[in-house]
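Asker: I have a structure here, written as structure tokens, and I will follow up with some questions on it.
The numbers here are math on the coordinates, done by the rules we state, and not lab data. Keep in mind the model is a prediction, meaning the values are calculated, not measured. We place every Cβ from the backbone using ideal geometry, glycine too, and count neighbours over all the protein chains shown.
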């Protein structure tokens, strides 16, 4: 992976991380077009820049992240992240296999898109704010996050937002809780990926690759700052249907390219 490729993937990550369209799917789809082959460093890069993008949430919502008077906020995040940590560890081989199958990811993109077409009407009576969320409901949202691990291309954001709305959270509150939950989730995933790469391929973490990681992380972070604010405003006014149509169109396009051997 050269610097141009790293910057392109980082921009894609920053734009798509918080949208319910799967940043993982977009990176996997973009790699062949950019001439990026799957290597241990590329896998690590894709995880680390997701953490960098998610770090933008801590900056935007710093008052809530560092308000230590309300410790229940942190406890709810811990409860919600537990299912992902367990299933992520148990199903690593399944996850790795699914991530390498563009047909599977495209199918999940289409299925998730169809679901998003109906979400606004299905959960139109969501009224709860985050402060009202119970520990049990937080755990349920965490279980929805597991679906994005089992089905790469579903979108962690989409899964947890749907989970939040199923627990009567408003669109805005469900989206924000999804953002908050991403922080411990991706922190754990990045730490695990870095450790695995260091143990199996220590030569990958050389100065050149670390510089590429740094540049990619900074760009993903800056682009994500804009993406978060856009998404919150957009989803409150327009809902999720447009994202659903986009997912369906992209999934069908990638399938067509795969079928015709252009990808």
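Asker: Return a whole-number percent for the relative contact order of the chain, with Cα pairs under 8 Å and 6 or more residues apart as the contact set.
Answerer: In percent, rounded to a whole number, it is 38.
Asker: At q = 0.08, 0.13 Å⁻¹, work out log10 I(q)/I(0) for the stretch 114-263 with the Debye formula, treating every Cα as an identical point scatterer and leaving solvent out; two decimals please.
Answerer: Log10 of I(q)/I(0), two decimals: -0.31, -0.76.
Asker: Tell me, 81, 146, 141 in order of fewest to most beta-carbon neighbours within 10 Å?
Answerer: Going from least to most buried by this count: 146, 81, 141.
Asker: Expressed as a rounded percentage, what relative contact order does the stretch 141-225 have, with Cα pairs under 8 Å and six or more residues apart? Display every interim value, and only then the final one.
Answerer: Values: 47 pairs, mean separation 13.6, N = 85.
The normalised contact order for the stretch 141-225 reaches 16 percent.
Asker: Here's a follow-up. How long are the three semi-axes of the equivalent ellipsoid of the chain, in whole Å, if each is the root of 5 times an eigenvalue of the C-alpha gyration tensor, listed from largest down?
Answerer: 28, 22, 17
Asker: Turning to a different aspect of this structure: For the ranges 197-203, 39-45, 10-16, 219-225, what's the packing order if you count other beta-carbon atoms within 10 Å of each residue, average per peptide, and put the highest first?
Answerer: So the order, starting with the most tightly packed, is 10-16, 219-225, 39-45, 197-203.
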